[in-house]
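**Q** Sharing a structure below in structure tokens format, with a few things to ask.
The values are calculated or read from the model by the stated rules, or taken from the named source; none is laboratory data. What you are looking at is a predicted structure, and each value in this text was computed from that prediction instead of being measured. Here Cβ is always computed from backbone atoms with ideal geometry, including for glycine, and neighbour counts include all displayed protein chains.
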């Protein structure tokens, strides 16, 4: 594939290395200093765009590339993804789009385990708290992964209706998410399921960003020849049985 990178921070550089290692070519690297080069990107020179930018610019970036009929993978967190609007654009242009708060395959197995726990725990009277820890440079709070995790639980558990950024505790129908920023922690997410009789702790620790980059490149490969809006579960269904 010929890949355009939109955003060249830590994740952009890691994705570049992963893509090259897998035999792909990097055509354009778009960053703050050469935004005008976006105009050069088209279906003739780009098979996929992988976007890791900032919440304030992600919407315009993604929309621009989708309107050109390109396959776009976005990992920017902290913005509201207008899935219906992007679906309409994809139908009009033949583009394909996949957004995820976290491309690490292990993280999605972690989501799966918590989804199972949520679906089974209501009658057993377990209450859940989420805690996420990241490096001090991370701008959004809570992390996009923690929000996705909370929404996964809400969708499967009839007792939860929303999440809040808050210290651990019990509030009816609310999942509290605690956010910690310290050092250079890549990412730790914990789900603590507690009842009167015991506690079950599910934890995912990312040791580095390589897993995120590998998943983003896999997502770009997955979108080839497709159109429409996709999710990581669609990708996972091709490689593992959920």
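**Q** Looking at 168, 176, can you tell me which residue is surrounded by 13 or more Cβ atoms within 10 Å (Cβ to Cβ) and part of a strand (DSSP E or B)?
**A** Details: 168 fails: part of a strand (DSSP E or B).
The match here is 176.
**Q** I would also like to ask the following. Exactly one of these conditions fails for residue 201: (1) modelled with pLDDT of 95 or more; (2) loosely packed, with under 14 Cβ neighbours inside 10 Å; (3) not in a strand (DSSP E or B). Give me its number.
**A** Going through (1) modelled with pLDDT of 95 or more; (2) loosely packed, with under 14 Cβ neighbours inside 10 Å; (3) not in a strand (DSSP E or B) one by one, residue 201 breaks only (3).
**Q** Looking at (1) without any contact (Cβ under 8 Å) to a residue 60 or more places away in the chain; (2) assigned to a helix (DSSP H, G or I); (3) out of contact with any helix residue (DSSP H, G or I) (no Cβ under 7 Å at 6 or more places or on another chain); (4) within 23 Å of residue 234 (Cβ to Cβ), which is the only condition residue 66 fails?
**A** Unmet for residue 66, out of (1) without any contact (Cβ under 8 Å) to a residue 60 or more places away in the chain; (2) assigned to a helix (DSSP H, G or I); (3) out of contact with any helix residue (DSSP H, G or I) (no Cβ under 7 Å at 6 or more places or on another chain); (4) within 23 Å of residue 234 (Cβ to Cβ): (3).
**Q** Of the residues 78, 23, which single one is under 22 Å from the mean Cα position of the chain (by Cα), assigned by TED's automatic domain parsing to the domain that holds residue 216 and outside any helix (DSSP H, G or I)?
**A** Values: 23 fails: under 22 Å from the mean Cα position of the chain (by Cα).
Within the list 78, 23, the selection yields 78.
**Q** Out of region 204-239, which residues are without any contact (Cβ under 8 Å) to a residue 40 or more places away in the chain, within 30 Å of residue 123 (Cα to Cα) and not in a helix (DSSP H, G or I)?
**A** Result: 205, single match.
**Q** Please determine, by comparing only the residues of region 84-136 that are crowded, with 23+ Cβ neighbours inside 10 Å and in a strand (DSSP E or B), which one is nearest to the chain's Cα centre (by Cα).
**A** It comes out as 99.
**Q** Only residues that are surrounded by fewer than 19 Cβ atoms within 10 Å (Cβ to Cβ) and touching a strand residue (DSSP E or B) at 6+ places or on another chain (Cβ under 6 Å): list them for region 206-227, please.
**A** Scanning region 206-227 gives 226, 227.
**Q** Also: Name the residues in region 59-70 that are more than 16 Å from the chain's Cα centre (by Cα) and buried (at least 24 other Cβ atoms within 10 Å of the Cβ), would you? Even if it seems obvious, please write down each step before you answer.
**A** Filtering region 59-70 down to residues more than 16 Å from the chain's Cα centre (by Cα) leaves 60-61, 63-70.
Selection gives 65, 66.
**Q** Let me ask another. Return only the number of the condition from (1) out of contact with any helix residue (DSSP H, G or I) (no Cβ under 7 Å at 6 or more places or on another chain); (2) at pLDDT below 95 that residue 158 does not satisfy.
**A** Residue 158 satisfies every listed condition except (1).
**Q** Taking region 26-61 on its own, how many of its residues are without any contact (Cβ under 8 Å) to a residue 12 or more places away in the chain and part of a loop (DSSP other than H, G, I, E, B)?
**A** Count: 1.
**Q** Tell me which of these residue 136 doesn't satisfy, since it passes every other one: (1) outside the structural domain of residue 79 (by TED's automatic domain parsing); (2) touching a residue at least 60 places away in the same chain (Cβ under 8 Å).
**A** Only one criterion in (1) outside the structural domain of residue 79 (by TED's automatic domain parsing); (2) touching a residue at least 60 places away in the same chain (Cβ under 8 Å) is unmet by residue 136, namely (2).
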